[in-house]
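A short write-up of the structure that comes next.
The values are calculated or read from the model by the stated rules, or taken from the named source; none is laboratory data. Please read these numbers as outputs of a predicted model, since none were measured by experiment. Here Cβ is always computed from backbone atoms with ideal geometry, including for glycine, and neighbour counts include all displayed protein chains.
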Amino acid sequence: MNNLPKAFDDFSEARRNSFIKVKDYKDEGEHIVGIFCTFTPIEVIYAAGAHPISLCGMSDETIPDAERDLPKNLCPLIKSSYGFALTDKCPFTYFSDIIVGETTCDGKKKMYEYLNQIKPMHVMQLPQATDREHALSVWKNEIIILKERLEKEFNVKITDDDLKKAIKKCNEERRALKELYSLSKICPPPITGMELHTVLHGASFTFDKDEQNKKIMDMVEQLKEEHANGVRKVEEDAPRILITGCPMGGVADKLVPIIESNGAVVVCYENCSGIKEKSRLVDETKDPVEAIAEKYLNVGCSVMAPNDNRIELMSELIDEYKVDGVIDVILQACHTYNVETRRIKEFVTGEKDIPYMSIETDYSQADEGQLKTRVAAFIEML
Ligand code: BJ8
């Protein structure tokens, strides 16, 4: 791609390169922990001296295999993830010593029962609301139970000091990624939505976080400098889109180019592929378990009811990123996001007074033509 810092290539290749890295870690006797969700407190995994890696399936390749055990009308993310484990096609799943999951949506938590027959699993019991006094203490206990499980699995002792160091490390990554996102507050942004997604996606498969942070900060500086020197890759009047909803890993390559080839630009990903997890840091001044519990309990995911945190974050982002329109991406058969879409629509078109559209899609290319027509019509009216 033109005008992109050299480090961009490292992020676009990060997933493939990390296959080799994971094998090297295993050969050196290090531990890998597979994860699926933004609720996973990765600080505890780092504190155990292990490496967390995302196992979320992002292609429809293994869905037919998964459908031998799982119903067809289940979200593609769940089927794809399970299918990769079942067929041994994902090196990250294959090399994981243990997988950590959470009781988020019904499909995922029931799938974990079968996944447990393939790989050792640890499932954290997530409270489904933040407005109960006991929710925090339940979640704190779950974090302690995870800590104890990892101590036993890997024969280590996790101290408060280990947790504090891990908190600091994760916060540093969050700060660097926030600098990157913030580029898109500039009008027009010096980075396209597809490029932003590529870097964010790559960052979730990078193990050396110090090196990653440096590359991101260098990239941010370079892009700001080029923008100050008049380099433009996005039209000044391009409509600015915020994407919310389900994780985008399996649909970004299909959807974002459609949005951007129609003259708009994605300036913000509110979902788990983007800012949702990074927006709040873990408090470095508190007891580490308490601080970790507080941060993760407040992730604004639709499995929470009520889910006011999503509305609050969207409200801030729509203002900060000067958003012209919101696209809510729902993976087929994701009931929680699908039900919540009415509330999101009312909030976006009412309180924020900007256009909104929802898209229900899956990992196939079958709806590409229909998406092109609908997205073009939406952008036309912005
Ligand atoms: S914190 S969004 S990563 S649960 S899309 S599997 S909800 S049926 S992925 Fe998610 Fe954690 Fe929430 Fe984020 Fe179920 Fe919906 Fe599928 Fe989902």
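Is there a residue in segment 137-157 that is in contact with a strand residue (DSSP E or B) (Cβ under 7 Å, 6 or more places away or on another chain) and within 12 Å of VAL289 (Cα to Cα)?
yes
Among the numbered criteria (1) free of Cβ contacts under 8 Å to residues at least 24 places away in the same chain; (2) part of a loop (DSSP other than H, G, I, E, B); (3) among the acidic types (Asp, Glu), which one does GLU221 miss?
For GLU221, the exception is condition (2).
Could you list, in sequence order, the residues of segment 68-118 that are among the small types (Gly, Ala, Ser) and within 14 Å of the ligand (Cβ to nearest atom)?
SER80, SER81, GLY83, GLY101, GLY107
So in segment 37-63, with the set limited to residues that are part of a loop (DSSP other than H, G, I, E, B) and modelled with pLDDT of 95 or more, which one is farthest from the ligand (Cβ to nearest atom)?
The residue in question is GLY49.
For segment 163-184, give me the residue count where each residue is of a type in the set (A, V, I, L, M) and under 18 Å from ALA50 (Cα atoms).
So the answer is 3.
Go through segment 286-337 and count every residue that is in a loop (DSSP other than H, G, I, E, B) and of a type in the set (A, V, I, L, M).
Going through segment 286-337 one residue at a time, the tally reaches 6.
Can you work out which of the residues in segment 257-285 that are assigned to a helix (DSSP H, G or I), more than 11 Å from the ligand (Cβ to nearest atom) and within 16 Å of the chain's Cα centre (by Cα) is nearest to LYS168 (Cα to Cα)?
Going through the qualifying residues, I end up with LYS278.
Considering only residues of segment 18-66 that are among the polar types (S, T, N, Q) and farther than 24 Å from LYS140 by Cα, which is surrounded by the fewest Cβ atoms within 10 Å (Cβ to Cβ)?
Across segment 18-66, the extreme among qualifying residues is SER59.
Report yes if ILE20 is in a helix (DSSP H, G or I), within 12 Å of the ligand (Cβ to nearest atom) and β-branched (Val, Ile, Thr), otherwise no.
So ILE20 does not fit the description; no.
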